[in-house]
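All remarks here apply to the structure that follows.
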Amino acid sequence: MENKTTERVHCLIIGSGPAGYSAAIYTARANLKPLLYQGIQPGGQLTITTEVENYPGYPNGVQGPEMMVEFENQAVRMGADIRFGLATKVDFSIQPFKVWIDDEKLIEADSVIIATGASAKWLGLESEQRLNGYGVSACAVCDGFFFKGREVAITGAGDTAAEEALYLSKLCTTVHMFIRRDAMRASQIMQQRVREAPNIKLYWNTQVVEVVGDAHVDGVRVRNNLSGTEQTIPVKAFFVAIGHEPNSAIFKGWLHMDETGYIQTVPGTSRTNIEGIFAAGDVQDRVYRQAVTAAGSGCMAALDAERYLALRPKTN
């Protein structure tokens, strides 16, 4: 167990999904001797994903956890120092930047790459978590293909839910869409597209009570909020599209963010409003949220950090 000590590094990476590991690979190859702390969920959201078929280089697909182990092994082989630990507090007021790990160990860093990702919002059902990865998903673009030609269900009322429902409608026979109120939050154009899709069936004032199934999803039990009546709809997959929450809380007050907490970066770069602090992956990407785009932005952050540090004298 690490003591309550202070350690100085050139490049600190916070987070260990595709963005963090890619940043580690590139910064290690640049001889920046990166130190990466994995966070509360080593490997990020892909560790709760089963089959990944849309990442280049895996023609036969790969299990999400296996993929993240390979990312980690590659970063270690390049020379990255990867440790288990959670960043709990930061001080970006002066250089070197200060980051506390597990409220105990202090890391002083000449540069910081933030790759803490985002977490999907869930309904909070036991059955939803039990069947997560077995027909329950928070990403239609990631997992919709596995249910081609099947009936599926989705819950949500915003633009993301509408987009995912439309995406699923191109693959699946019927998309049952559950909306808790009598109106959607999505933009008018997205609402119109959903209504016009012939195989999207809308359920207003409807909330999901239970995901039905033992080893995999067999159906969804829903309740009408007005009448109180319940029904079970047989489907093979259930998609939760009620939003994502960026894991950025400890950086509030230091870094510029949008209204929902996504870290804002200079367009076309990974630079934040503080020179020497970079952000990559889902913590700054509210649009794409894919493993391949996260990995690409991790590469960008590493190159940005390398250029930044090249202009500064290195200290031990």
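Nothing in this text is a laboratory measurement; each read-out follows from the coordinates by a stated rule. This one's a predicted model, so the numbers in the text were calculated from it and none came from an experiment. Neighbour counts run over all protein chains shown; Cβ positions are idealised from the backbone, glycine included.
Fewest to most neighbouring Cβ within 10 Å: what's the order for Val62, Val69? List each step's numbers first, then the result.
On the way: Val62 18, Val69 14.
Ascending number of Cβ neighbours within 10 Å: Val69, Val62.
Please give the length that would be gained between Asp81 and Asn224 if that part of the chain were fully extended, namely 0.36 nm times their separation in residues minus their C-alpha to C-alpha distance (nm, one decimal).
Values: separation 143, 0.36 × 143 = 51.48 nm, distance 5.24 nm.
Value of the extension gain: 46.2 nm.
Taking every DSSP beta bridge that has both residues in the range 158-271, what percent is antiparallel when rounded to the nearest 5? Mind showing how you got there, number by number?
Numbers: 12 of 16 bridges.
DSSP beta bridges in the range 158-271 are roughly 75 percent antiparallel.
Going by how many other beta carbons lie within 10 Å of each one, how would you line up Tyr203, Tyr58, Tyr37, fewest first?
Neighbour counts put them in this order, fewest first: Tyr58, Tyr203, Tyr37.
Please express the shape of the range 122-240 as an equivalent ellipsoid: the semi-axes are the square roots of 5 times the eigenvalues of the C-alpha gyration tensor, given largest first in whole angstrom. The partial results should precede the final answer.
On the way: eigenvalues 79, 61, 29 Å².
So the equivalent ellipsoid measures 20, 17, 12 Å along its semi-axes.
Between Tyr288 and Arg150, with labels modelled 7 Å along Cα→Cβ, what's the label distance in nm to one decimal, could you check?
Spacing of the two 7 Å Cα→Cβ label points: 2.8 nm.
Spin-label point model (7 Å from Cα, Cβ direction): what's the Thr6 to Ser187 distance in nm?
Each label point is offset 7 Å from its Cα along the Cβ direction, giving 4.9 nm.
Using a 7 Å offset from the Cα along the Cα-to-Cβ direction at both Val209 and Ile40, what is the distance between the two label points in nm, to one decimal?
Label-label distance for Val209 and Ile40, simple model: 3.1 nm.
On alpha-carbon atoms, Rg over Rh for the range 170-316 using Kirkwood Rh?
On the way: Rg = 21.6 Å, Rh = 19.0 Å.
So for the range 170-316, dividing Rg by the Kirkwood Rh gives 1.14.
Taking the Cβ of each residue in Thr160, Thr174, Thr5 as the centre, tally the other Cβ atoms inside 10 Å and list the residues starting with the fewest. List each step's numbers first, then the result.
Values: Thr160 20, Thr174 17, Thr5 9.
Final ranking by Cβ density, sparse to dense: Thr5, Thr174, Thr160.
Calculate the FRET efficiency for Glu245 and Thr88 from the Cβ-Cβ distance with a Förster distance of 22 Å, rounded to the nearest 0.05. Walk me through the intermediate numbers first.
Values: r = 18 Å, r/R0 = 0.80.
Plugging the Cβ-Cβ distance into 1/(1 + (r/R0)^6) gives 0.80.
Take the alpha-carbon centre of the range 176-215, take the same for the range 234-293, and report the distance between them in whole Å.
25
How about the chain: what cysteines have no other cysteine beta carbon under 4.7 Å from their own?
Those would be Cys11, Cys172, Cys299, since no other cysteine Cβ in the chain comes under 4.7 Å of theirs.
Report for the chain the percent antiparallel among DSSP-assigned beta bridges with both residues inside it, nearest 5.
Working: 27 of 60 bridges.
In the chain, approximately 45 percent of DSSP beta bridges are antiparallel ones.
So which lysines pass the test for Lys148, namely a Cα distance under 28 Å, with those fewer than 8 places away in the same chain ruled out?
Lys121, Lys170, Lys201, Lys236
Which helices of the chain meet both criteria: a Cα extent of 24 Å or more along the helical axis and a mean Kyte-Doolittle score no lower than -1.0, with helices taken as whole DSSP H segments? Working shown, then result.
On the way: long enough: 291-310 (28 Å, 0.68).
Sorted by number, the helices that extend far enough and score high enough are 291-310.
Can you list the residues, at least 5 places off or on another chain, whose amide H is less than 5 Å from the amide H of Ile154, using H built in the peptide plane?
Correct list: His176, Met177, Phe178, Phe239.
Which value in Å is the Kirkwood Rh of the chain over different Cα pairs? Could the numbers behind the result be given before it?
Working: mean 1/r = 0.0483 Å⁻¹.
Taking every pair of different Cα atoms in the chain, averaging 1/r and inverting gives 20.7 Å.
Could you grab the Rg to Rh ratio for the range 90-131? Cα atoms only, Kirkwood for Rh. Intermediate values should be presented prior to the final figure.
On the way: Rg = 16.9 Å, Rh = 13.3 Å.
So for the range 90-131, dividing Rg by the Kirkwood Rh gives 1.27.
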